[in-house]
1. Determine the calculated [θ] at 222 nm for the chain from helices alone, applying -39500 (n - 2.57) to every DSSP H run no shorter than 4 residues and normalising by the residue count; nearest 500 deg cm²/dmol.
2. For the modelled label position 7 Å from the Cα of Q113 along Cα-to-Cβ, which residues of segment 15-31 have backbone nitrogen atoms closer than 18 Å?
3. Measure nothing fancy, just the Cα-based angle from helix 56-72's long axis to the longest principal axis of the chain, in degrees from 0 to 90, nearest 10.
4. Is there a quick way to get the dipole size of the chain? I mean about its Cα centre, with the Cβ of Lys and Arg at +1 and of Asp and Glu at -1; what is the value in debye to the nearest 20?
5. Per residue of segment 170-177, in order, report the coupling 6.51 cos²θ - 1.76 cosθ + 1.60 (Karplus, θ = phi - 60°) as ³J(HN,Hα) in whole Hz, putting x for Gly and Pro.
6. Rg to Rh ratio, segment 40-136, alpha-carbon atoms and Kirkwood radius?
7. Rounded if a/c is under 1.5, else prolate if a/b is larger than b/c, else oblate: which is segment 210-323, with a ≥ b ≥ c the root eigenvalues of its Cα gyration tensor?
8. Loop only per DSSP, at most 15 neighbouring Cβ atoms within 10 Å: give me the trypsin sites (Lys or Arg not before Pro) in segment 247-318, ordered by residue number.
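The values are calculated or read from the model by the stated rules, or taken from the named source; none is laboratory data. What you see is a predicted model; the values in this text were computed from it and never measured. As a convention, Cβ positions derive from the backbone with ideal geometry for all residues, glycine included, and neighbour counts pool all protein chains shown. Surface areas here come from the heavy atoms of the whole protein model, side chains and all, with no ligands, DNA or RNA. Shrake-Rupley method; radii C 1.70, N 1.55, O 1.52, S 1.80 Å.
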Amino acid sequence: MPLTARDVQAALSLWAEVEGAEARLINHSENQTFQLDTTGQGSYTLRVHRTGYQSRASIESELAWLTALRQDTALPIPEPVPARDGRLLQSFDSPHGARMAVLFRHIPGSEPQPESNLGDLFVTLGRYAATMHNHVTAWQRPPGFERQVWQAATILDSDGLWGDWRIAPGVNERNRPILDRLDSALWLRLGAYGTSPDRYGLIHADMRLGNLLVDGPNVTLIDFDDCGFCWFTYDFAAAISFHETNPAVPALKAAWLDGYQAVRKLGAEDIAVIDAMVMLRRMALLAWIGSHAETRLAQQHMPGFADGTAQLAERYLRGALWT
């Protein structure tokens, strides 16, 4: 059940910086995000977690990686704020039960729009992704670290992390056969590619436009809530989320690869599998739209999304996703 700004007021006393602040809802997607404006200490962002999605251990693991990235790299990413008890993750009682929350320092900027010139931005995203992938290949994860796994089973199966694509809005007897063929083809393709540590590990997994804040020349990557274990090139697929049919995508792919390979080299196999990653992500989004139909983001993209996915599937299965 979504919370209102009034519902989260009781949680604010957990942090000295925002006690008594004004709260307003600014986003409701997987979680709810509230902006907190104080009279003397600036603004903050409170992330209230969706019930039943992430466990306490999983959120603490996300925050451990975020903290390590802030210490070990120069990536512009969110800064979590410890509460009065020194912990980053807090729990509070709401009118709809106990909820978990994390406070972050406010980051200026706005979401880039798909119709804008995104070439330079995708060079930056490629560089950010490669920096993170280099980091995780050397980082010693703390004991008890746990994050979700994004693979064929957890995306394509009926009990997938984001639901079952087969019952998503718009899936019907006309487009279902091609989607079934795509499902089978992705299982085979990803199984052949494998999960060796040079191509698979901890990734952000949701580097889409909605998780970027652009403020002049500054680009901040936010929302690590979906980070998990997956193929490294899935981070490109996530970057074009909901816009896979945009004719600019081939140029954005080239820009992303330019940025990525300036930091971390990819082999021919890694580049060749990117189209499969795009289709895997598209199927994940199809399932997500069905299981999150109450959100504005799902409602925005719902019309025609299943048919668009089937059209992409036909092109992918012919061997020419973008021509």
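1. Details: 11 runs with 126 residues, N = 323.
Helices in the chain give a 222 nm mean residue ellipticity of -12000 deg cm²/dmol.
2. Hits in segment 15-31 for Q113 at 18 Å: none.
3. Its long axis makes an angle of about 90 degrees.
4. On the way: 28 positive and 37 negative charges, 74 e Å.
The dipole of the chain has a size of about 360 debye.
5. These are the phi-based 3J(HN,Hα) values: x, 6, 9, 5, 7, 9, 4, x Hz.
6. Working: Rg = 16.1 Å, Rh = 15.8 Å.
Result: Rg/Rh = 1.02.
7. Working: a/c = 1.69, a/b = 1.12, b/c = 1.51.
Oblate, since a/c reaches 1.5 and b/c is not below a/b.
8. Working: sites: K253, R264, K265, R281, R282, R296, R315, R318; in loops: R264, K265.
Loop-located and lightly packed - K265.
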